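Notes to accompany the following structure.
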Amino acid sequence: MLVLPAQASLAQTAEETVVKHCQSCHNAGLGGAPALGDNAAWAPRLDKGVDGMLATVRAGKGAMPPKGTCMSCSDDELRAAIEHMIAGVR
């Protein structure tokens with residue numbers, strides 16, 4: 001697991017956030033979610049950069065509710081989860 005230096009202060013690790021709040025939809029690409037590891041699905045999102053993706057996660061999109069069901073997540077936790085999910089497609 002890739003551990004970012006900033007993660008030391010997070011309530012949960014990026015991987016924990018993804019497992020608890022993201023992977024159920026992103027593993028299978030449910031509701032239009034880009035599937036983990038699907039470079040083509042992630043490509044247009046990567047063009048927004050992490051800050052753009054964070055804004056989308058905060059607001060919600062399509063079937064994804066605001067904060068992707070992690071209402072207690074900080075922006076830092078959400079950013080770390082995004083970076084964790086896109087690490088394999090950059």
query: Which ones in the range 64-76 are of a type in the set (A, V, I, L, M, F, W, C) and in contact (Cβ under 8 Å) with a residue 12 or more places away in the chain?
result: M64, C70, C73
field: Selected residue (criterion: modelled with the lowest pLDDT) from residues of the range 5-17 that are assigned to a helix (DSSP H, G or I) and not aliphatic (A, V, I, L, M)
entry: Q7
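Within the range 77-87, identify whether any single residue is acidic (D, E), without any contact (Cβ under 8 Å) to a residue 24 or more places away in the chain and assigned to a helix (DSSP H, G or I), and answer yes or no. Show your work before the answer.
We begin by selecting, within the range 77-87, every residue acidic (D, E); these are 77, 83.
Still in the running and without any contact (Cβ under 8 Å) to a residue 24 or more places away in the chain: none.
Scanning the range 77-87, I find no residue that is acidic (D, E), without any contact (Cβ under 8 Å) to a residue 24 or more places away in the chain and assigned to a helix (DSSP H, G or I), so the answer is no.
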query: What's the number of the condition M1 fails, among (1) farther than 14 Å from A87 by Cα; (2) at pLDDT below 95?
result: (1)
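The values are calculated or read from the model by the stated rules, or taken from the named source; none is laboratory data. The structure displayed is predicted, hence computed values, not measured ones. FYI the Cβ positions are ideal-geometry reconstructions off the backbone, even for glycines, and counts take in every protein chain you see.
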